[in-house]
1. Would you list the helices (runs of 4 or more DSSP H) that sit entirely within the chain and hold 1 or more residues that are at pLDDT 75 or above?
2. Write out, first by first residue and then by second, each pair whose Cβ atoms fall under 8 Å of each other, whose residues are 6+ apart or on separate chains, and whose first residue, in region 14-33, is closer than 15 Å to TRP90 by Cβ while the second is modelled with pLDDT of 75 or more and among the aromatic types (Phe, Trp, Tyr).
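The values are calculated or read from the model by the stated rules, or taken from the named source; none is laboratory data. Just so you know, these numbers come straight off a predicted model, no measurement behind them. Don't worry about glycine lacking a Cβ; one is built from the backbone with ideal geometry, like all the others, and counts go over all protein chains shown.
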Amino acid sequence: MNMKIKKNIEDAGVRAGIQEYLDELTSVEVALTRREHELMEFFALGMGNERIAKLIGLVPKSVQRHRQAIMDKVNRVSDFKFNSKLLMVWGRACGYGSSFDDDVTG
């Protein structure tokens, strides 16, 4: 088989696998507080606790507690084991993080 065709087939399989994973990931539903929704906008962008805390007037420890609370909620209702990176992916897949302009994220 032509190597280019084989690579395209493999790439298509990877993309399909990723899409299936994202579909399953976005089907995870949890009840978040107003503050947790607010913070998910930042978490989805991969921002750190200290940066978020400065932007919204909290201490970093509070941001970390909210991050952990969200991960705990998701881990209770899904087969996924969330960490900060997966929280970011889940947030982006669910539409968080798109409401900020480059002034906040840059």
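1. Numbers: elements: 3-26, 34-43, 49-56, 60-77, 84-93, 102-105.
Of the helices (runs of 4 or more DSSP H) lying wholly inside the chain, those with at least 1 residues that are at pLDDT 75 or above span 3-26, 34-43, 49-56, 60-77, 84-93.
2. Short answer, once both residue conditions are applied: LEU25/PHE80; LEU25/TRP90; THR26/TRP90; VAL28/PHE80; VAL28/TRP90.
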